[in-house]
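Engineer: Let me begin by handing over the structure; questions about it come next.
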Amino acid sequence: MIYKVLVVEDSALMRSELTKIIEKDTDLKVVATARNGMDAIQKVSAMDLDVITMDVNMPEMNGIEALKVIKSKHSVPVLMISALTHEGAEETLDALNHGAFDFIAKPSGAVSLDMAVQGEIIRQKIRTAARSKRYKTPEKQPLITPKVKPLAVPSPVDVEVLKNWSIGKVIGIGVSTGGPKTLMRLLPEMPANFNGVIIIAQHMPENFTLSFAKRLDSICPLKVKEAEDGEIIQPGHIYIAKGGRHTIIKSRGQRVFLIETQEEVEGKIYKPSVDVLFDSLSECFGKHWLGIMLTGMGQDGSEALTNLKKSGGQTIVESEESCVVYGMPGKVVELGGASFILHERDIMDKVKQIVGI
């Protein structure tokens, strides 16, 4: 089967470069290109397409405005292409909130002629988007109203409490494609009186995770922040693993738990890696942590989560019905690593039941 792609880019050089990258695989074909959002809207209406790649910053009509129009009329998945900057991260998060399937990061600015270095990932994302039969507007829209933090923010407790954290007080979450929107719907449901910790490995590049953590912090009762190297993890916090690095939890004297970040871990392509985070949680807490796998392509984290289940721990896996991409969750199910297989809307109720809140 040949997947038909529309490339939307204001730069002729980038249109040419992306076309070469995409068509390196024979099952992908760029059937048309567009110079801006207005041009894209006209061509989408006139063509039968499987995927659109959409630049964010373009003259006349930018990618986000074009995305809104396209998603209001068509079901074709859209992959946003954005610069690796703070502004690019904010724009990309807005695009995901308006229905973009996923995003591709430009490594070196608006005209990135080194896009080929991530050619395999680009082609994989295009193919995944084209094959995703379950991609649709979520039943519950992301919560975008800022939450007022409680006056009495949960403060660090005695290290003896940390030492005795048990199942449900430490939660690890792995997620990839479709994750930002899913997390923006799920995490605000955690109440402010949760005195455990949540640590999340979301596949995102550097610079994007800081913006994402800030956005989550504005809508969650709990404190959300990007994980920093060397900091002590605290109750009542949600930590987002830093993009472009691996996040590892280390114990010190079995009483204090620290975050450590590393640039490289042998054999791990995704940074942050879900496997790396989950393996470190098992090393620190044994079976006494709750593992959750949400939507995402590939199989990162599936082996580590399955090992948790086999050791007697509890795991929650998002069902195929609600996943944007059933890759990572599906692999866990295949390996026999799922204690509970739940629709997105039921996940937090199960978490609260396990945690006891």
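Readers should treat all values here as calculations from the given coordinates under stated rules, not as data from a laboratory. Predicted model only: the values in this text are computed from it and were never measured. So basically every Cβ, Gly included, is an ideal-geometry build from the backbone, and we count neighbours across all protein chains shown.
Engineer: For the pairs Lys43/Lys125; Lys71/Lys225; Lys24/Lys71; Lys29/Lys71, note any where the Cα-Cα span goes beyond 24 Å.
Structural biologist: Among Lys43/Lys125; Lys71/Lys225; Lys24/Lys71; Lys29/Lys71, the Cα-Cα distance tops 24 Å for Lys71/Lys225; Lys24/Lys71.
Engineer: Under the classification rounded if a/c is under 1.5, otherwise prolate if a/b is larger than b/c and oblate if not, where does segment 3-131 fall, given a ≥ b ≥ c as square roots of the Cα gyration tensor eigenvalues?
Structural biologist: Since a/c stays below 1.5, the shape of segment 3-131 is classed as rounded.
Engineer: May I pose another question? Hey, what's the per residue convex hull volume over the C-alpha atoms of segment 257-357, in cubic angstrom?
Structural biologist: Here the figure is 105 Å³ per residue.
Engineer: For n ≥ 4 DSSP H runs only, could you compute -39500 (n - 2.57) per run for the chain, divide by its residues and tell me the 222 nm figure to the nearest 500?
Structural biologist: Helices in the chain give a 222 nm mean residue ellipticity of -10000 deg cm²/dmol.
Engineer: Right, here's the next one. Before anything else, pin down the relative contact order of segment 183-309: Cα pairs under 8 Å, at least 6 apart, normalised by residue count, whole percent.
Structural biologist: Answer for segment 183-309 is 22 percent.
Engineer: Another one. How high is the relative contact order of the chain, in percent, with contacts defined as C-alpha pairs under 8 Å that are six or more residues apart?
Structural biologist: The normalised contact order for the chain reaches 13 percent.
Engineer: Report the one residue of Ile22, Met58, Gly312 whose Cα lies farthest in the direction of the positive end of the charge dipole of the chain (charges on C-beta: Lys and Arg +1, Asp and Glu -1; origin at the Cα centre).
Structural biologist: Toward the positive end, the furthest listed residue is Gly312.
Engineer: Given Thr33, Ala83, Ala12, which one lies farthest toward the positive end of the charge dipole of segment 1-130, if we put +1 on the Cβ of every Lys and Arg and -1 on the Cβ of every Asp and Glu?
Structural biologist: Value: Thr33.
Engineer: Could I ask something else about it? Separation of segment 28-72 and segment 213-231 by C-alpha centroid, Å?
Structural biologist: Computed from Cα coordinates, the inter-centre distance equals 34 Å.
Engineer: Classify segment 3-51: rounded, prolate or oblate, from the alpha-carbon gyration tensor (a ≥ b ≥ c, eigenvalue square roots; a/c under 1.5 rounded; otherwise prolate if a/b is larger than b/c)?
Structural biologist: Oblate shape, in that a/c is at least 1.5 and b/c is the bigger or equal ratio.
Engineer: Assigning unit charges at the beta carbon (Lys, Arg +1; Asp, Glu -1) and nothing else, what dipole magnitude in debye, to the nearest 20, does segment 159-355 show about its Cα centre?
Structural biologist: That gives segment 159-355 a dipole magnitude of about 520 debye.
Engineer: For segment 159-355, max minus min Cα coordinate along each principal axis, in Å, sorted largest first?
Structural biologist: Cα spread of segment 159-355 along its principal axes, largest to smallest: 40, 36, 35 Å.
Engineer: Quote the charge dipole size of the chain about the Cα centre in Debye, to the nearest 20; the model charges only the Cβ of Lys and Arg (+1) and of Asp and Glu (-1).
Structural biologist: About 820 debye.
Engineer: Nothing charged except the Cβ atoms of Lys and Arg (+1) and of Asp and Glu (-1): what's the magnitude of the dipole of segment 3-131 about its Cα centre? Round to the nearest 20 debye.
Structural biologist: Magnitude of the dipole: close to 460 debye.
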